[in-house]
Amino acid sequence: MKNAHEKIKIMVADDQGLILHSLVTLLNTVEDFEVIGTAKNGVLLLQLLEEKKPDVIIVDINMPKMSGIEVTKIIDGKMPWIKIIALSMYSHPQYIKEMLRNGAKGFLSKNCLAEELFTAIRTVCDGKTYLDKCCSEIILHNFSQTETDVKTNLQLLTAREIEIIRVLADGMVTKEIAAKLFISDKTVERHKTNILKKLSLRNTAQLIKVAVEHGILIQ
């Protein structure tokens, strides 16, 4: 956290010149903020970071040459002390999750109020995460909807599919499962594919996680 006499150093990255200029002008009206650099794409932002030392970077998600998600991941890997806030026109749950997963500490819609942006900057500097009201509601709704969908889809699993999940959780591979259940390798693979499709999952690791969370492994 900055002391009372130290300004928060900020960089802004956005490919839209008017928005970039407006953000800089707005931020420079705040006494404890100092904009030390701007970039119109992710590549330029990384180049500037070789000499600039910001406390906070405000980034757009959709930028040419390198997206905000990609540049956030790189910065978080090399300079994790820098706090990154996404400021975007797009508030889709996947964008929010990807930014947070790759190291962003805040996410705001470009429709947010100026005071909310100021609050977000100070909040992330205090080591906390900040989502504006709109983004918080989107994430909460998406989580609730996902949980409901998973519980509903679990009821579609057959007894054989649940059996397959349990032996997968035991660490068995396809041939071992086939031998244990007296079915062919192809049948095992078909069951696995059907299970993942029913639950809208991508891989076995996700499947085991869901199985643990929902008590499927308890016999």
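Every number here is computed from the coordinates shown, using simple stated rules; none is lab data. Because the structure is a prediction, the values reported are computed rather than measured. For neighbour counting, all protein chains shown are included, and Cβ atoms are generated from backbone atoms with ideal geometry for every residue, glycine included.
This structure gives volume of the Cα convex hull per residue in Å³, computed directly, and of (1) 127; (2) 151; (3) 116 that value is listed as (2). Partners of K52 within straight-line reach, counting lysines whose Cα lies under 19 Å from its Cα and excluding those fewer than 8 residues away in the same chain: K2, K7, K9, K40, K73, K78, K83. Each of K53, K9 was scored by other Cβ atoms within 10 Å of its Cβ. Listed from fewest to most, they are K53, K9. Taking other C-beta atoms within 10 angstrom as a stand-in for reagent exposure, L26, L20 fall in the order L26, L20, fewest first. Could you tell me which of the pairs K180/K209; K105/K198; K175/K197 are separated by over 31 angstrom between their Cα atoms in the structure shown? Check vs 31 Å cut-off fails for K105/K198. Positive-end ranking of T72, A39, P54 along the dipole of the chain, with charges on Cβ about the Cα centre, is headed by T72. The residues packed around K40, meaning those with a beta-carbon under 13 Å from its beta-carbon, carry a net charge of -2 if Lys and Arg are +1 and Asp and Glu are -1. Axis angle, to the nearest 10 degrees, between helix 185-199 and the longest C-alpha principal axis of the chain: 50 degrees. Rounded to the nearest 20 debye, the dipole magnitude of region 156-213 is 200 debye, with +1 charges on Lys and Arg beta carbons, -1 on Asp and Glu beta carbons, and the Cα centre as origin. Under the convention that each Lys and Arg Cβ holds +1 and each Asp and Glu Cβ holds -1, the size of the dipole of region 8-139 around its Cα centre is about 340 debye.
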